[in-house]
1. Please verify whether Ala43 is crowded, with 18+ Cβ neighbours inside 10 Å and assigned to a helix (DSSP H, G or I), treating the condition exactly as stated.
2. Only one residue in Tyr60, Tyr10, Tyr20, Tyr70 is surrounded by 11 or more Cβ atoms within 10 Å (Cβ to Cβ), among the hydroxyl-bearing types (Ser, Thr, Tyr) and more than 10 Å from the chain's Cα centre (by Cα), so which one is that?
3. Is there any pair linking a residue in the stretch 44-65 that is under 17 Å from Lys14 (Cβ atoms) to one that is assigned to a loop (DSSP other than H, G, I, E, B), with Cβ under 8 Å and at least six apart or on different chains, and which?
4. Which members of the stretch 65-84 meet the condition of being aliphatic (A, V, I, L, M) and either in contact with a helix residue (DSSP H, G or I) (Cβ under 6 Å, 6 or more places away or on another chain) or not in a helix (DSSP H, G or I) (or both)?
5. For the stretch 54-61, indicate whether the set of residues that are in a helix (DSSP H, G or I), modelled with pLDDT of 80 or more and touching a Phe, Trp or Tyr at 6+ places or on another chain (Cβ under 6 Å) is non-empty.
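The values are calculated or read from the model by the stated rules, or taken from the named source; none is laboratory data. Predicted model, so just to flag it, every value in this text is computed and none were measured. Cβ: placed from backbone, ideal geometry, glycine included. Neighbour counts: every protein chain shown.
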Amino acid sequence: MSLESKIVEYFDLKEIKTKYIEIQNYERAAINREAEREAARDAYEMTCGKCESGSDWKKYEDWIDEYCIYKYGRTGITTPVLREIKIDELGIK
């Protein structure tokens, strides 16, 4: 899986977790939070190498946000947003 795919997976999981919280389904939100954290750690380790602690979630999330701002000029790169970015890069209107 590519870094870009892993980052999109992270933001998609984060969005799903937020939706579960909004409908007060906290058990499902907690399950998605764990998957979200795993995706964040995997994305971080793909570029920065193995992390000693393996659970520095804030560090992973901050790194992903910084990377997305650097590469895409924004954060929150979900599947539909990435699709829009790719279409713009190709010059398709």
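1. Yes; evaluated as a whole, the condition is true for this residue.
2. Tyr20
3. Tyr44/Cys51; Lys59/Cys51; Tyr60/Cys51; Ile64/Thr75; Asp65/Thr75
4. Once the filter is applied, which keeps residues that are aliphatic (A, V, I, L, M) and either in contact with a helix residue (DSSP H, G or I) (Cβ under 6 Å, 6 or more places away or on another chain) or not in a helix (DSSP H, G or I) (or both), the stretch 65-84 yields Ile77, Leu82.
5. Yes.
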